[in-house]
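Novice: Shown below is the structure under consideration.
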Amino acid sequence: MSERRMHHSPVKFSPEKFEAHEGGTDPARVSEAAHLAAQALVSRGRRSRDPEVHERLVRLTDEQGLDGIAEMWAEAPAVSLPGALWRLYALRAAARTDPHRMGRWFATGRHAAQVSNVVAGVADPPGAEEICDVADVILSGAFDGEFDVALERFAAFCRVIAVGQEHTLDAPGLTVDRPWERIPRLLRTADELDAAARAWRHGHLE
């Protein structure tokens, strides 16, 4: 297995920073940069029709890094390419921040009776390690697999973790703060990733 890059806390990409790099705080320009960065990382932006736009993207990525770019993705619609990449980025961060509990939740959720229905269509739901590995490849721009399948596997991971959290609410060391918020949020993220996968298959994920 290849050595993983060190994870750093996300860098806030403020409007002021964007203004310094791009000459303004126009939300449309921020959105454009977010979409261009997302396209580049899934191998579409490398064929940019506008060399100046591509050069600007390269400069922005070099200066801000992935964490700074990801902050722009956070504002994108859920069912969009940057929105989907933001969810992958956030899931990777969560898995790395708390690998022990993630592993326990996954093991519990995977063996719960409901999981067979929760992750229908995904034969072998990925664990936290695979989530981190695949996210690393996608976020480095080196992914050459089926992007929609990857999104569906991330969705399955969310659902398994949600079931695991629900079944360990009283387990020492595995309790979740505000489970009435966090568990539905995981399930909503799974639905959004599935919707993004469908949009990708139909050529509508931008």
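The values are calculated or read from the model by the stated rules, or taken from the named source; none is laboratory data. Quick caveat, the model's predicted, so the values are computed rather than measured. Virtual Cβ from ideal backbone geometry, glycine too; neighbours counted across all protein chains shown.
Novice: State all residues of segment 136-153 that are of a type outside the set (Gly, Ala, Ser) and either under 22 Å from residue 65 (Cβ atoms) or in contact with a strand residue (DSSP E or B) (Cβ under 8 Å, 6 or more places away or on another chain) (or both); if no residue qualifies, say none. It would help to see each step written out before you state the result.
Specialist: The first filter runs over segment 136-153 and keeps only residues of a type outside the set (Gly, Ala, Ser), leaving 136-139, 143-144, 146-149, 151-153.
Result: 136, 137, 138, 139, 143.
Novice: Out of everything in segment 67-84 that is modelled with pLDDT of 90 or more, part of a loop (DSSP other than H, G, I, E, B) and not aliphatic (A, V, I, L, M), what residue ends up being nearest to residue 143 (Cα to Cα)?
Specialist: Out of the qualifying residues, it is 80.
Novice: Give the residue that is surrounded by the fewest Cβ atoms within 10 Å (Cβ to Cβ), with candidates limited to residues of segment 57-66 that are at pLDDT below 70 and either under 22 Å from residue 150 (Cβ atoms) or in contact with a helix residue (DSSP H, G or I) (Cβ under 7 Å, 6 or more places away or on another chain) (or both). Quick ask: steps written out before the conclusion?
Specialist: So in segment 57-66, the residues at pLDDT below 70 come out as 57-64.
When the remaining residues are screened for being either under 22 Å from residue 150 (Cβ atoms) or in contact with a helix residue (DSSP H, G or I) (Cβ under 7 Å, 6 or more places away or on another chain) (or both), the result is 57, 60-61, 63.
Numbers: 57: 21, 60: 21, 61: 18, 63: 11.
Per the criteria, the residue is 63.
Novice: Which of the numbered conditions does residue 45 fail, given that it passes all the others? Conditions: (1) surrounded by 14 or more Cβ atoms within 10 Å (Cβ to Cβ); (2) over 20 Å from the mean Cα position of the chain (by Cα); (3) modelled with pLDDT under 65.
Specialist: That leaves (2) as the condition not met.
Novice: Please work out which residue is nearest to residue 103 (Cα to Cα), limiting yourself to segment 151-171 and to residues that are free of Cβ contacts under 8 Å to residues at least 40 places away in the same chain and under 15 Å from the mean Cα position of the chain (by Cα).
Specialist: 156
Novice: Okay, moving on. Can you name the residue in segment 122-154 that is in contact with a helix residue (DSSP H, G or I) (Cβ under 7 Å, 6 or more places away or on another chain) and assigned to a loop (DSSP other than H, G, I, E, B) and is also farthest from residue 79 (Cα to Cα) among such residues?
Specialist: That would be 127.
Novice: Can you tell me which residues in segment 140-166 are among the hydrophobic types (A, V, I, L, M, F, W, C) and touching a Phe, Trp or Tyr at 6+ places or on another chain (Cβ under 8 Å)? Walk me through how you get there before you give the answer.
Specialist: Taking segment 140-166 as the starting set, the residues that turn out to be among the hydrophobic types (A, V, I, L, M, F, W, C) are 142-143, 147, 149-151, 154-158, 160-163.
If the condition is that a residue be among the hydrophobic types (A, V, I, L, M, F, W, C) and touching a Phe, Trp or Tyr at 6+ places or on another chain (Cβ under 8 Å), then 147, 150, 151, 157, 160, 161 are the ones that fit.
Novice: Residue by residue through segment 191-204, note down the ones that are under 21 Å from residue 92 (Cα atoms) and either at pLDDT below 95 or among the β-branched types (Val, Ile, Thr) (or both).
Specialist: none
Novice: Please state which of the following conditions residue 108 fails to meet, knowing it meets all the rest: (1) at pLDDT 90 or above; (2) of a type in the set (Ser, Thr, Tyr); (3) under 24 Å from residue 38 (Cβ atoms).
Specialist: (3)
Novice: Kindly indicate which of 92, 87 is closer than 25 Å to residue 35 by Cβ, modelled with pLDDT of 85 or more and touching a Ser or Thr at 6+ places or on another chain (Cβ under 8 Å). Before you say what the answer is, go through the steps one by one.
Specialist: Numbers: 92 fails: touching a Ser or Thr at 6+ places or on another chain (Cβ under 8 Å).
Going through 92, 87 in turn, just one is closer than 25 Å to residue 35 by Cβ, modelled with pLDDT of 85 or more and touching a Ser or Thr at 6+ places or on another chain (Cβ under 8 Å): 87.
Novice: Related question: Residues being in contact (Cβ under 8 Å) with a residue 40 or more places away in the chain and either exposed (fewer than 14 other Cβ atoms within 10 Å of the Cβ) or assigned to a helix (DSSP H, G or I) (or both): count how many of those fall in segment 172-205. Explain how you work it out, then say what you get.
Specialist: Applying the first criterion (in contact (Cβ under 8 Å) with a residue 40 or more places away in the chain) to segment 172-205 yields 173-174, 189, 192-201, 205.
Next, from what is left, pick out any that are either exposed (fewer than 14 other Cβ atoms within 10 Å of the Cβ) or assigned to a helix (DSSP H, G or I) (or both): 173, 189, 192-201.
So the answer is 12.
Novice: Here's a follow-up. Since residue 169 meets every condition but one in (1) within 17 Å of residue 110 (Cα to Cα); (2) assigned to a helix (DSSP H, G or I), which condition does it not meet?
Specialist: Looking at each condition in turn, residue 169 falls short on (2).
Novice: Taking the conditions exactly as written (of a type in the set (Phe, Trp, Tyr), under 29 Å from residue 72 (Cβ atoms) and assigned to a loop (DSSP other than H, G, I, E, B)), does residue 157 satisfy them or not? I'd like the intermediate steps shown before the answer.
Specialist: Values: of a type in the set (Phe, Trp, Tyr): yes; under 29 Å from residue 72 (Cβ atoms): yes; assigned to a loop (DSSP other than H, G, I, E, B): no.
Spelling it out, it is not the case that residue 157 is of a type in the set (Phe, Trp, Tyr), under 29 Å from residue 72 (Cβ atoms) and assigned to a loop (DSSP other than H, G, I, E, B).
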